[in-house]
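After the structure tokens below, expect a handful of questions from me.
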Amino acid sequence: MKPLAPGAETVDLDAERREAGIDTFLADLDAKLVGLAPVKQRITEIASLLLVDRVRHRLGLSADPPTLHMSFTGNPGTGKTTVAMTMADILHRLGYLRTPRVICVTRDDLVGEYIGHTAPKTKEVIKRALGGVLFIDEAYYLHRPENERDYGQEAIEILLQVMEEQRQDLVVILAGYPDRMERFFGSNPGFRSRIAHHIDFPDYSDDELVDIAVLLLDQQSYQLSAQGRDAMRAYIGRRRSQPHFANARSVRNALDRARLRQAHRHLTTGVVAVADLMVIEDVDLLASRVFSGSIAIH
Ligand SMILES: Nc1ncnc2c1ncn2[C@@H]1O[C@H](COP(=O)(O)OP(=O)(O)OP(=O)(O)O)[C@@H](O)[C@H]1O
Ligand SMILES: [Mg+2]
């Protein structure tokens, strides 16, 4: 990082940007994550804010570091956990966090079963997370209005305090499904007011899910044949209307099973071309129960 010339009237933000590696990071992010344009946009904005903040700090222009607690709302498999990891990475790269570590927890990691257990449990988790990101999945389970002696409330109060007092050394990300998160914020306004960024993760379109399938396969040196691609698209179309549909995770699971069938198909053939070991064919997907008309379990 170059020292800023005394009395300089301009700052070369392009150079700052290059030096911080933001463009490479964002290009990687674009290649690694299909779709999610609004999420990528928000990450870009936060990166810009931190970069400018850093320059201002070096110029002696005072400002508190921004609060960066966030909420990620979206249906299952829309990329919330994946983006939390990425977020920690960029916040660390830009010097906001001491570590890119993300501690992922749910209610059971924070709330004890007996009186007096919750505070030490929550504080221990916070201690581990300090300097990085604390990701609380399905955050609404912390609040159980039906149970008046619920220990969750104790965890909530400690979290609220830490989010205020240690906001410079910890980013808390609350994640969950949209409607339940909305209700949770409704009954816990303290959380809502401490959160600087509410980021919504929309369901993926069929086209995006096919692209995700191609990307996930490519990462494992597989590809879809042309018919395989059509079968994948048909699979997604049917799977979406069945129970427990989980966006990109359903695609990932379908591909795991397709690989299993492909391996089995080749083993029964005996000798195969090396190139064929890399290809998922339509038959590998069409054998799925999703096409059998009965209700799919996965
Ligand atoms: N935009 C995307 N591009 C490529 N892969 C993706 C994308 N979104 C999700 N995935 C993949 O799908 C899987 C599920 O994503 P992830 O675990 O981040 O979802 P989630 O929103 O946290 O789900 P849940 O709410 O069920 O915890 C991961 O393996 C991830 O790599
Ligand atoms: Mg998740």
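What percent does the relative contact order of segment 206-291 come to when contacts are Cα pairs within less than 8 Å and at least six residues apart?
The normalised contact order for segment 206-291 reaches 45 percent.
Against the longest alpha carbon principal axis of the chain, how many degrees, from 0 to 90 and to the nearest 10, is the axis of helix 206-218 turned?
90
Please state the Cα pair-distance histogram of segment 65-201 with 10 angstrom bins from zero: what percent is in each bin?
P(r) for segment 65-201, in whole percents per bin: 13, 46, 35, 6, 0.
Could you state the angle between the C-alpha long axis of helix 80-93 and the longest principal axis of the C-alpha atoms of the chain, as a value from 0 to 90 degrees rounded to the nearest 10?
40
With everything on Cα atoms, drop me the angle between helix 22-32 and the longest principal axis of the chain, reported from 0 to 90° to the nearest 10.
Result, in degrees: 30.
Can you give the Rg to Rh ratio of segment 95-160, both from alpha-carbon atoms, with Rh computed by the Kirkwood formula?
Here the Rg-to-Rh quotient is 1.01.
Below 12 angstrom from the Cβ of Ala129, what's the summed charge of the other residues (Lys, Arg +1; Asp, Glu -1)?
It works out to a net charge of +2.
Rounded if a/c is under 1.5, else prolate if a/b is larger than b/c, else oblate: which is segment 1-152, with a ≥ b ≥ c the root eigenvalues of its Cα gyration tensor?
prolate
Another question, then. I'd like the accessible area for Arg257: 1.4 Å probe, protein heavy atoms, all chains in place, Å² to the nearest 10.
About 60 Å², rounded to the nearest 10.
Same structure, new question: Which three extents, in angstrom, do the Cα atoms of the chain have along their principal axes, listed largest first?
Largest to smallest, the principal-axis extents are 71, 58, 29 Å.
Further question: Which listed residue (Tyr235, Gln220, Leu277) has the Cα farthest towards the positive end of the charge dipole for segment 206-291, taking +1 on Lys and Arg C-beta and -1 on Asp and Glu C-beta about the Cα centre?
Tyr235
The values are calculated or read from the model by the stated rules, or taken from the named source; none is laboratory data. Predicted, not measured: the structure shown is a model, and the values here were computed from it. Using ideal geometry, Cβ is built from the backbone for each residue, glycine included, and neighbour counts are taken over all protein chains shown. To get the accessible areas, we keep the full protein, side chains included, count just its heavy atoms, and leave off ligands, DNA and RNA. Shrake-Rupley method; radii C 1.70, N 1.55, O 1.52, S 1.80 Å.
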